[in-house]
Amino acid sequence: MKKYILAMSAAALISMTAGAAQAATKVCFLYVGSKTDGGWTQAHDIGRQELQNHFGDKVETVYLENVPEGPDAERAIERLARSGCELVFTTSFGFMDPTIKAAEKFPDVKFEHATGYKTADNVTTYNSRFYQGRYISGMIAGKVSEKGVAGYIASFPIPEVVQGINAFLLGAQSVNPDFTIKVVWVNSWFDPGKEADAAKALIDQGVDILTQHTDSTAPMQVAAERGIKAFGQASDMIEAGPETQLTAIVDTWGPYYIKRTQAVMDGTWESLSSWDGLAEGILTMAPYTNMPDDVKQMAEELEAKVATGEVNPFTGPINKQDGSVWLKEGEVSDDGTLLGMNFYVEGVDDQLPN
Amino acid sequence: MDLTQAVILTIMTAATPLLLAAIGELVVERSGVLNLGVEGMIIMGAAVAFAVAKLSGNPYLGALCGALTGAAFSLLFGFLTLTLVTNQVATGLSLTILGLGLSGMIGESFVGQAGVPLNEIAIPVLSSIPFIGPLLFNQDIIFYISILLIFGVSWFLFRTRAGLRLRAIGDNHHSAHALGTPVIRTRYLAVMFGGACAGLAGAQLCLVYTPQWVENMSAGRGWIALALVVFGSWRPLRVLAGAYLFGAVTIGQLHAQALGVAIPSQFLSALPYLATIVVLVLISRNRRLTLMNTPACLGQGFVPDR
């Protein structure tokens, strides 16, 4: 909280001095976590730093960290908008409604909301096709796991997370049709203790590979302690498990932030729904480590194929969890279904919370 | 190690920080002081314990410094509420907010670094008892301290003269003062003890539970500890039971999910809190007994009349 206040007053100070350097475009960021969380928020902050380094004096970046999702977020976004930000990135799913509300009050400010689905004339949504990376992770899990059971530590039952679970399982089943996953919901994006407990519970119940859709490195650490393999999330988590991490889905927001800021500078910014993936470089895979060479090679080949679109994780035949047909042979899911995904595919050993 | 043992071990690790923070707060509240700064003291203890352990390479020194930091930090609360007689609720809350911010600054350069874990110490002979040996006698030092503290505090409060005086101060500080008992001094010591316990709980989080430092890693455990003190109706053994019950339900629900039990996970996540409320209702049925255990002067400032 104190840091939050410090950041605010720093932002105020900067906005006062900004009058002198007229040319600088002010770009602001709202973070749900700490910029050094080792995961989600850190990836966004690295993107911000890339943006700053790319434009140098021509942009001024400001961020607020540890802003809780909810009413506080709306006030924080408004304060940013009022302080002269021309472009505001709100970097968490839960900032969606607050962003839309603030955007109505500040029609001249451009807003970009990460991972949401509501747009307006001055609100763009941007997202990454994380599921492409999860499909590759799943394939690796299917090859490396001896028991054929992976543990999945999940945060909240929103479409993005469900997509990830499905893609991971489909990837694993592409090499091992009997592969199953156990899912534990911790109902938090960030609680190292709870994430570690979930990891222990899953390992105690016999999974021999771990993946997570939460932000701390605690599950990686538990996996290292217990001598099983795991996948990193959002940032490269190799430091938490040098002998443990197989790969990680690394969010690479920098190029996108540069592109959009350039658009604001040029006056060509338009509202859109951006959903890029491996091909555009918004999603990258951490080096493939701690696995046999042939699996590594398979992963690299698959990555190339997913990037070119030769392989689409959601290509039929795929059944829903209850056995009914979702996609027929050769049929490919449309983006709308993926963005609103609220069902499991066949083989997930879990009841999806509503 | 079989599944049951593994589960119990996880429960013990999850319950220990709650237990430590709660037993410290219990002594503070028994002396009539309500310190809502537990969360802040835990996180400060965690930040310093991690930093010291990392820089010195000695986790024991880290744990010690974590406890000392908690005690030192609580002195700030003590000075404000006991010497300057400020409002205890407001002061405690600001201690929490200050602790969360300050710890973030202390820990900033340590984020993402591998921690120095406290290793288990196997007690000879006892640790080879089947089943319970590995659970009770092959643990880290903070676990042993937490159990010793429960019985130590229980003995101190109800079997020693000093403990009787402390309880008397909590029940009626004016009478205790009139009898010549040093009210302020005793409360200072109690507050510092509470701080040291919370600091040690923080050390457990970053040296045992998840050997790493991240901001806000206490994630609300200080508040649960505060609730546990009321839950245990200010009695150490009930606090012990409460902390382990809470830990058991927390871990149990994760296992239920992993087993694929068809209960909504949001309900399972709320279960530990629901269980706490249910037990709380059950044990407060006897109103007279509850009143007898509640420190009558809890949260009231004391100004000596002469």
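The values are calculated or read from the model by the stated rules, or taken from the named source; none is laboratory data. A quick note: this is a predicted structure, and the numbers were derived from the prediction, not measured. Note that each Cβ is placed from the backbone with ideal geometry, even for glycine, and that neighbours are counted across all protein chains shown.
Based on this model, can you work out whether A:Q221 counts as at the interface with chain B (Cβ under 9 Å from one of its Cβ atoms) and either over 14 Å from the mean Cα position of the chain (by Cα) or assigned to a helix (DSSP H, G or I) (or both)? So A:Q221 passes the test.
Does B:L9 satisfy being over 14 Å from the mean Cα position of the chain (by Cα), surrounded by fewer than 24 Cβ atoms within 10 Å (Cβ to Cβ) and either over 18 Å from B:G247 (Cα atoms) or not aliphatic (A, V, I, L, M) (or both)? Answer is no for this residue.
Would the range A:128-139 turn up any residue that is of a type in the set (D, E, K, R) and surrounded by fewer than 24 Cβ atoms within 10 Å (Cβ to Cβ)? Yes, there is a match, as at least one residue in the range A:128-139 is of a type in the set (D, E, K, R) and surrounded by fewer than 24 Cβ atoms within 10 Å (Cβ to Cβ). Residue check: B:Q204 meets all listed conditions (1) among the polar types (S, T, N, Q); (2) within 14 Å of chain A (Cβ to nearest Cβ); (3) not in a helix (DSSP H, G or I) but one, namely (3).
Residue by residue, here is whether (1) closer than 19 Å to B:G170 by Cβ; (2) within 14 Å of chain A (Cβ to nearest Cβ); (3) touching a helix residue (DSSP H, G or I) at 6+ places or on another chain (Cβ under 6 Å) holds:
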site	(1), (2), (3)
B:L34	yes, no, yes
B:V38	yes, no, yes
B:I42	no, yes, yes
B:V52	no, no, yes
B:G57	no, no, no
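Listed conditions (1) closer than 30 Å to A:A172 by Cβ; (2) outside the structural domain of A:N290 (by TED's automatic domain parsing); (3) not β-branched (V, I, T) are all met by A:G142, apart from (2). Could you tell me whether the range B:146-159 includes any residue that is at pLDDT below 95, in a helix (DSSP H, G or I) and among the hydroxyl-bearing types (S, T, Y)? No, the conditions are met nowhere in the range B:146-159.
Listed here are the residues, each with its yes/no results for (1) under 27 Å from B:M217 (Cβ atoms); (2) under 19 Å from the mean Cα position of the chain (by Cα); (3) modelled with pLDDT under 90.
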site	(1), (2), (3)
A:H54	no, no, no
A:N66	yes, yes, yes
A:G84	no, no, no
A:F95	yes, yes, no
A:A102	no, no, no
A:V109	no, no, no
A:T115	yes, yes, yes
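Residue-by-condition table, conditions (1) part of a helix (DSSP H, G or I); (2) within 14 Å of another protein chain (Cβ to nearest Cβ):
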{"position": "B:G199", "(1), (2)": "yes, no"}
{"position": "B:Q212", "(1), (2)": "no, yes"}
{"position": "B:G222", "(1), (2)": "yes, yes"}
{"position": "B:A225", "(1), (2)": "yes, yes"}
{"position": "B:Y244", "(1), (2)": "yes, no"}
{"position": "B:Q266", "(1), (2)": "yes, yes"}
{"position": "B:S269", "(1), (2)": "yes, yes"}
{"position": "B:A275", "(1), (2)": "yes, no"}
{"position": "B:Q300", "(1), (2)": "no, no"}
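For the range B:254-268, a residue qualifies if it is surrounded by 17 or more Cβ atoms within 10 Å (Cβ to Cβ) and over 20 Å from B:A227 (Cα atoms), and the qualifying residues are B:L254, B:H255, B:A256, B:Q257, B:A258, B:S265. For the range A:184-193, the set of residues classified as facing another protein chain (nearest Cβ under 7 Å) and either more than 22 Å from A:A141 (Cβ to Cβ) or among the aliphatic types (A, V, I, L, M) (or both) consists of A:V184, A:N187, A:D191, A:P192, A:G193, listed by residue number.
The number of residues in the range A:198-211 being closer than 25 Å to A:F93 by Cα and either surrounded by fewer than 24 Cβ atoms within 10 Å (Cβ to Cβ) or facing chain B (nearest Cβ under 7 Å) (or both) comes to 1. Sub-6 Å Cβ pairs linking a first residue in the range A:44-67 that is farther than 12 Å from A:T261 by Cβ to a second residue that is of a type outside the set (F, W, Y) and in a helix (DSSP H, G or I), at least 6 apart or interchain, are A:V62/A:A11; A:L64/A:A7; A:L64/A:A76; A:V67/A:A73; A:V67/A:A76, ordered by first then second residue.
Quick grid of which residues meet (1) assigned to a helix (DSSP H, G or I); (2) of a type outside the set (G, A, S):
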{"site": "B:A53", "(1), (2)": "yes, no"}
{"site": "B:L64", "(1), (2)": "yes, yes"}
{"site": "B:F77", "(1), (2)": "yes, yes"}
{"site": "B:V85", "(1), (2)": "no, yes"}
{"site": "B:A90", "(1), (2)": "yes, no"}
{"site": "B:S94", "(1), (2)": "yes, no"}
{"site": "B:L100", "(1), (2)": "yes, yes"}
{"site": "B:M105", "(1), (2)": "yes, yes"}
{"site": "B:A114", "(1), (2)": "no, no"}
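Does the range B:230-246 include one or more residues that are under 28 Å from A:W189 (Cα atoms), free of Cβ contacts under 8 Å to residues at least 12 places away in the same chain, among the aliphatic types (A, V, I, L, M) and touching a helix residue (DSSP H, G or I) at 6+ places or on another chain (Cβ under 6 Å)? No. When you check A:R260 against the structure, is it under 25 Å from A:V88 (Cα atoms) and among the basic types (K, R), yes or no? Spelling it out, A:R260 is indeed under 25 Å from A:V88 (Cα atoms) and among the basic types (K, R).
Every condition in (1) at pLDDT below 85; (2) within 14 Å of chain B (Cβ to nearest Cβ) holds for A:W40 except the one numbered (1). Residues of the range B:108-125 being within 16 Å of B:A63 (Cβ to Cβ) and at the interface with chain A (Cβ under 9 Å from one of its Cβ atoms), which ones? Scanning the range B:108-125 gives B:G115, B:P117.
Residues that are over 27 Å from B:Q113 (Cα atoms) and either at pLDDT 95 or above or out of contact with any Asp or Glu (no Cβ under 7 Å at 6 or more places or on another chain) (or both) do occur in the range A:236-255.
The test for being within 13 Å of A:I165 (Cβ to Cβ) and surrounded by fewer than 17 Cβ atoms within 10 Å (Cβ to Cβ) does not hold for A:N312.
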